[in-house]
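A.B. asks: Take a look at this one; I'll ask things after.
The values are calculated or read from the model by the stated rules, or taken from the named source; none is laboratory data. Being a predicted model, the structure only gives us computed values, none of them experimental. Cβ atoms come from the backbone with ideal geometry, glycine included; neighbour counts cover every protein chain shown. Surface areas here come from the heavy atoms of the whole protein model, side chains and all, with no ligands, DNA or RNA. Shrake-Rupley method; radii C 1.70, N 1.55, O 1.52, S 1.80 Å.
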Amino acid sequence: MAKINTRPSTDAFEGGDISFKRPSQAKEIIRRLKKNKGAMVGLILLILIILVVIFADVIAPYDAGVIQVADNKLAAPGTPGHPLGCDSYGRDVLSRLVHGARNSLKVAIIASITSCLVGCTLGSIAGYFGGKIDQIIMRTLDIFMSIPDLLFTMVVVAALGSSIPVLIIAMTLAYFTNYVRLVRSGVLNLVDQEYGGASPARIILSHIIPNTLGIILVNVTLNVSSLVIYQSTLSFIGLSLPAPAPEWGSMLSSARVDMLRAPTLVLFPALAIVLTAFSVNLLGDGLRDAMDPRLKS
């Protein structure tokens, strides 16, 4: 009787027909992010807000949010032609809300990116070269950090005037400091490794920055939330875009007088600020968890 071989054949393995590939880091991050329900809720909310920004002109005309119509003063929500009512100047609230989203998000996103670029550049230079260069950059950073953000921004806006470029410059200078310290600490941990005689620029761009990219991306995302609130604060105290440009903070400021007679004038912009910050924070927290190597399954 022939003997039956019960051992599993290894020919397929020896011949290399079967191979197991480890999923890429990006795919693994996306997989973990999809499993995070909070991050998905934040992403959906943020996509909806971005769609409102993109199609603001389709949702409501810009002119209706800046032209004053005395007959529409404090029109209640549900008034024909004004679904969310009108403010004390007779301007359509829906138009101001959707176009205010465009102004607020544009400034916040651009300022978050520019502050990241400035901070990462200075942090990389300080950490890589060290010595006197590091001392100069870090002592200058201490000066910036000793000045309150709001006071610093007020000085910049007062000196240069209210406009989107000036706001971006002021908010960049107020928020770049965190990136300097973050990237510098990452560079100090990696700078002593051997890189085969590559140039400093190549080492920083090809090796050091990619190794700190995860935490940088998370901070950029979370900073958008902070900058939305910060920019709304500036417009609330009259240090943002000049009237009648629609902004959520200026809408809150002008609604204070009529808050008891028309509480929805405060409710709608406040809700817009909270939902935007909430969605970005949820997404940022989800990215942080997804990029944390300790959470790998």
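A.B. asks: Bin by bin, in steps of 5 Å, what percent of the Cα pairs in segment 209-266 do you find, going until the bin that has the longest distance?
C.D. replies: Reading the bins upward from 0: 4, 18, 18, 15, 13, 10, 8, 7, 4, 2, 1.
A.B. asks: Report, in debye and to the nearest 20, how large the dipole of the chain comes out about its Cα centre when Lys and Arg carry +1 and Asp and Glu carry -1 on their Cβ.
C.D. replies: 760
A.B. asks: Let me ask something else about it. Provide the per residue accessible area, probe 1.4 Å, for the chain, rounded to a whole number of square angstrom.
C.D. replies: Accessible area per residue: 56 Å².
A.B. asks: Given R₀ = 22 Å, what would the calculated FRET efficiency be for residue 26 paired with residue 206, taking r from the Cβ atoms and rounding to 0.05?
C.D. replies: Efficiency for this residue pair is about 0.80.
A.B. asks: Could you pull out the trypsin sites (Lys or Arg not before Pro) across segment 41-98 that fall in loop regions by DSSP (anything but H, G, I, E, B) with no more than 15 other Cβ atoms inside 10 Å?
C.D. replies: Loop-located and lightly packed - 73.
A.B. asks: Which order do the peptides 276-287, 52-63, 209-220 take when ranked by the mean count of other beta-carbon atoms within 10 Å per residue, highest first?
C.D. replies: So the peptides 276-287, 52-63, 209-220, ranked by packing, come out 276-287, 209-220, 52-63.
A.B. asks: Could you sort 132, 27, 106 by accessible area so the largest value comes first, with the probe set to 1.4 Å?
C.D. replies: 132, 27, 106
A.B. asks: Right, here's the next one. Determine the principal axes of the Cα atoms in the chain, then give the extent along each, sorted from largest to smallest and rounded to whole angstroms.
C.D. replies: 101, 68, 27
A.B. asks: Nearest 10 degrees is fine. How inclined is helix 37-54 to the longest principal axis of the chain, computing both from alpha carbons?
C.D. replies: It works out to around 50 degrees.
A.B. asks: Also, quick follow-up: Counting only Cα, what are the radius of gyration and maximum Cα-Cα distance Dmax of segment 48-100, in Å?
C.D. replies: For segment 48-100, the Cα-based Rg and Dmax read 10.7, 33 Å.
A.B. asks: Another question, if that's okay. Of the heavy-atom accessible surface of the chain (probe 1.4 angstrom), what whole percent is carbon and sulfur?
C.D. replies: With neighbouring chains kept in place, the figure for the chain is 65 percent.
A.B. asks: Along its principal axes, what span do the Cα atoms of segment 137-273 show, with the longest given first and each in whole Å?
C.D. replies: On the principal axes, segment 137-273 reaches 70, 30, 22 Å in Cα extent.
A.B. asks: So if R0 is 35 Å, what FRET efficiency would residue 37 and residue 270 give, r being the distance between their Cβ atoms, rounded to the nearest 0.05?
C.D. replies: After rounding, the FRET efficiency stands at 0.85.
A.B. asks: Right, next: Starting from the residue with the highest accessible area, list 251, 259 in decreasing order, probe 1.4 Å.
C.D. replies: 259, 251
A.B. asks: Please report the equivalent ellipsoid semi-axes of segment 100-194, computed as sqrt(5 x eigenvalue) of the Cα gyration tensor, largest first, in whole Å.
C.D. replies: Working through the eigenvalues yields semi-axes of 29, 15, 8 Å.
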